[in-house]
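The values are calculated or read from the model by the stated rules, or taken from the named source; none is laboratory data. This structure is a prediction, so every number in the text was calculated from the model and none was measured. Here the Cβ positions follow ideal geometry from the backbone for every residue, glycine too, while neighbour counts run over all protein chains shown.
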Amino acid sequence: MKDLNEYTPEQVQALLDEEHWHDELQPVDRIQLKPWQQWVFWGLRIYVVVMCVIVLWAFTAGVHA
Amino acid sequence: MSVLETSVPHASAAARAGLQQRIRDRLHLAALRRRPATPWNRLVLAFALIGPGLLVMLGDNDAGGVLTYAQTGAAYGLGLFLPLMLVLGFIAYVVQEMTIRLGAVTRRGHAELIWKRYGPFWGIFSLVDLVLANILTLVTEFLGIRIGGEAFGIPYALSVPVTLGFVVMTLVFLRYWAWERIALFIASLNLVFVPLVLMAHPHWGAVARAFAGSGWVIPGGMLSATFLILLSANIGTSIAPWQLFFQQSCVVDKGLLPKDIPASRRDLMLGVGGMVLVAIAVIVLGAVALSGLPDAKDLTTEAVLYALQQRLGETAMKLFALGLIEAGLIATIVITASTGWAIGEALDLPRSLNASPGQAWRFYAPAVMGTIAAAGVVLFPHLPIGFLNLSVQVIATVFMPAAMLFLLMLLNDRELMGEHANGPVRNGVSVVIMLGLIACNVLYGLVTVFPHTFGGTP
C-alpha cells in the first residue's frame with residue numbers, strides 16, 4: 001500500500017471532497033427517553049441484576065458448569 | 001499532509017486522531033475501485049473491503065464458544081442444535097447488519113452514540129455491562145489458551161504472557177490496516193476445526209438428517225436445565241454485546257461509508273457463514289467423539305482434549321488444542337479492541353487504532369489494563385475457574401436485550417439514520433429476537449432456581 005505522501009495533493013483533496021472527510025460530523029443532540037422507554041430500561045436493569053445473581057449463584061453452588 | 005490539516009480545520013483532536021492513516025486507507029480503496037473490473041481486481045478489492053464482519057463473527061467462535069459447541073455435541077449428539085446454528089447465524093446477521101449501517105451512516109461508534117443521544121446515565125450502564133462482560137469473556141479466552149498451550153507442553157506461565165504481549169503489541173503498535181490484516185489471518189485459522197471433523201469420520205447421512213428433523217428429541221425435555229443452559233450458552237456464543245460495539249467501531253475506524261454498506265454486508269455474510277460452519281463442525285465432532293461421556297455439559301476443556309486423544313488420537317487432540325489457542329487469540333484481539341473503542345468513544349478520547357500510542361495512550365490504556373487483568377486471573381495456579389465458561393456465555397445473553405434496545409432505538413432515529421433507518425420488518429424481527437432472548441433466560445433462571453417447577457430434569 002502506498003504512503004499518504006505518495007499521493008498528489010489533488011488526489012487527496014478529491015477524496016476528501018468526494019467522501020466529505022473535511023465536513024464536520026452532524027452533531028448528535030441529546031434527547032430525553034420517553035417515560036415508557038425509561039420503564040423498559042429500568043425493567044431491563046432489574047432483569048440484568050436478577051439474572052446475574054442467578055448465574056452467579058448457579059456457578060458458585062455448582063448447579064451448572 | 002497540509003491538505004489534511006487545512007481541510008479539517010474544525011475537527012476535534014479526538015476526531016482527527018488517526019485521520020491521516022484512514023485517508024490513506026480510503027485512497028487505497030479508491031485506487032482499487034478505479035482499476036479495470038477484471039476478476040482479479042474485483043477479488044483484490046473484495047479482500048480489501050473485508051474485515052469487520054469476518055472478524056466479529058470468527059472472533060465470536062472463541063475458546064469458550066468452541067468448548068460450548070463441543071459440550072452441546074456431546075450432550076445432544078446430531079440433532080436439534082445443528083439446524084439451530086443456522087437460526088443463530090441468521091439472528092447474528094440481523095443484529096450485526098444494523099451496526100454496519102449505524103457506523104457507516106453516522107461515522108460514530110456505538111458507545112459514542114448512546115452517550116451523546118441518551119446521556120451519560122444510560123451510557124454508563126451500557127459501558128459497565130460491556131466492560132464487565134468483556135473482562136469475564138477474556139478470562140475464558142486466556143483459559144482456553146492456557147489449556148491449549150499445555151497440550152503442546154507449553155507452560156501457562158509462558159503461553160499466557162506471550163499471548164498477552166502479542167495482543168497488546170498488535171493493538172498499540174500496528175495501525176488499523178495492518179492490525180486488521182493480521183487479525184484476519186489469525187481468524188482464518190478458525191477453520192482448523194473443519195479438517196478435524198473430517199478426521200472424526202461422522203455419519204454424514206445422520207448429519208444431513210439432523211437438518212430435517214431427525215434426532216430433535218431432547219432427553220429430559222426442552223425445560224431441562226441442561227438444555228436451557230446449553231441453549232442460552234449457544235446463543236451467547238453467537239450474539240454478545242461486545243460484537244455490537246466492536247463491529248460499529250471497526251466500521252468507523254476502517255472509514256467505511258454508506259456506499260460501502262453492500263460490501264460490508266457481504267463481509268458479514270462471509271463471517272456468519274464461517275461462524276456457522278465452524279460451530280456445526282465442532283458440534284458434530286462433539287457428537288462423534290465425545291458422546292457417552294458422563295455429565296457432558298460439565299465437560300472441561302481438559303476432559304475434551306483427553307477424550308479426543310483417546311478416541312481420535314494425538315493429532316486430533318493437538319489440532320483441537322491449536323484451534324482452541326487460535327479461537328482464544330482472535331477473540332482476545334477483537335474484544336480488547338472493543339473495550340478500547342467503547343471507553344474512548346464514551347469519554348471522547350482520541351480513539352483510533354490509526355492513532356499512535358503517544359497520541360492516544362488514554363484510548364489504549366484501559367483496553368490493555370482490562371486484558372492484563374483477565375490474563376492475571378488465569379495465571380493463578382489451581383484457580384477453580386474450569387467451569388466458568390457456560391456462565392460467561394449466559395451472562396452475555398443477559399446483557400444482550402438492553403444493548404439491542406439501544407441499537408434498535410438508534411436505528412429508528414431518522415434524524416441520525418435518514419433513509420438507512422430500520423423498516424418495520426427489521427424492527428419486528430429484532431423485537432422477536434430480544435423477546436426470545438429474555439424468554440430463554442427467564443426459563444433458564446426459573447429452572448435453575450426451581451429445578452422441579454416445570455417437571456424437567458436438572
Original post:
Just checking, which of B:324, B:349, B:388 is among the hydrophobic types (A, V, I, L, M, F, W, C) and farther than 30 Å from residue B:225 by Cα?
Top reply: B:349
Original post:
Restricting attention to segment B:224-237, which residues are modelled with pLDDT under 90, more than 16 Å from residue B:299 (Cβ to Cβ) and within 13 Å of the chain's Cα centre (by Cα)?
Top reply: B:236
Subject >> Search result, residues across segment A:51-64 that are surrounded by fewer than 19 Cβ atoms within 10 Å (Cβ to Cβ), part of a helix (DSSP H, G or I) and facing another protein chain (nearest Cβ under 7 Å) >> reply: A:52
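So which residues in segment B:385-404 are closer than 15 Å to residue B:432 by Cα, more than 7 Å from every other protein chain (Cβ to nearest Cβ) and out of contact with any Asp or Glu (no Cβ under 8 Å at 6 or more places or on another chain)?
First pass over segment B:385-404, keeping only residues closer than 15 Å to residue B:432 by Cα: B:397, B:400-404.
After this cut, where a residue has to be more than 7 Å from every other protein chain (Cβ to nearest Cβ) as well, the list is B:397, B:400, B:403-404.
B:397, B:400, B:404 - these are the residues of segment B:385-404 that are closer than 15 Å to residue B:432 by Cα, more than 7 Å from every other protein chain (Cβ to nearest Cβ) and out of contact with any Asp or Glu (no Cβ under 8 Å at 6 or more places or on another chain).
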Original post:
If you scan segment B:52-67, which residues turn out to be under 15 Å from residue B:97 (Cα atoms) and either of a type in the set (Val, Ile, Thr) or surrounded by fewer than 24 Cβ atoms within 10 Å (Cβ to Cβ) (or both)?
Top reply: B:56
**OP:** From the list B:165, B:123, pick out the single residue that is surrounded by fewer than 23 Cβ atoms within 10 Å (Cβ to Cβ) and either modelled with pLDDT of 95 or more or in contact with a His (Cβ under 9 Å, 6 or more places away or on another chain) (or both).
**Re:** B:165
Original post:
in contact (Cβ under 8 Å) with a residue 12 or more places away in the chain and under 20 Å from the mean Cα position of the chain (by Cα) - does that describe any residue in segment B:113-121?
Top reply: no
Original post:
Residues in segment B:392-404: is at least one surrounded by fewer than 20 Cβ atoms within 10 Å (Cβ to Cβ) and either farther than 26 Å from residue B:340 by Cβ or at pLDDT below 90 (or both)?
Top reply: no
Subject >> Of all residues in segment A:22-39 being more than 7 Å from chain B (Cβ to nearest Cβ) and hydrophobic (A, V, I, L, M, F, W, C), the one that is nearest to residue B:442 (Cα to Cα) >> reply: A:39
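How many residues does segment B:330-356 contain that are over 11 Å from residue B:245 (Cα atoms) and in contact with a helix residue (DSSP H, G or I) (Cβ under 6 Å, 6 or more places away or on another chain)?
14
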Subject >> Of all residues making up segment B:99-130, the number that are away from chain A (no Cβ under 14 Å) and under 22 Å from residue B:62 (Cα atoms) >> reply: 2
**OP:** Kindly list the number of the only condition in (1) of a type outside the set (D, E, K, R); (2) at pLDDT 95 or above; (3) in contact with an Asp or Glu (Cβ under 7 Å, 6 or more places away or on another chain) that fails for residue B:43.
**Re:** (3)
Original post:
Would it be correct to say that residue B:400 is aliphatic (A, V, I, L, M) and under 30 Å from residue B:177 (Cβ atoms)?
Top reply: no
**OP:** Quick one: which residue in B:160, B:139 is buried (at least 19 other Cβ atoms within 10 Å of the Cβ), within 14 Å of chain A (Cβ to nearest Cβ) and of a type in the set (A, V, I, L, M)?
**Re:** B:139
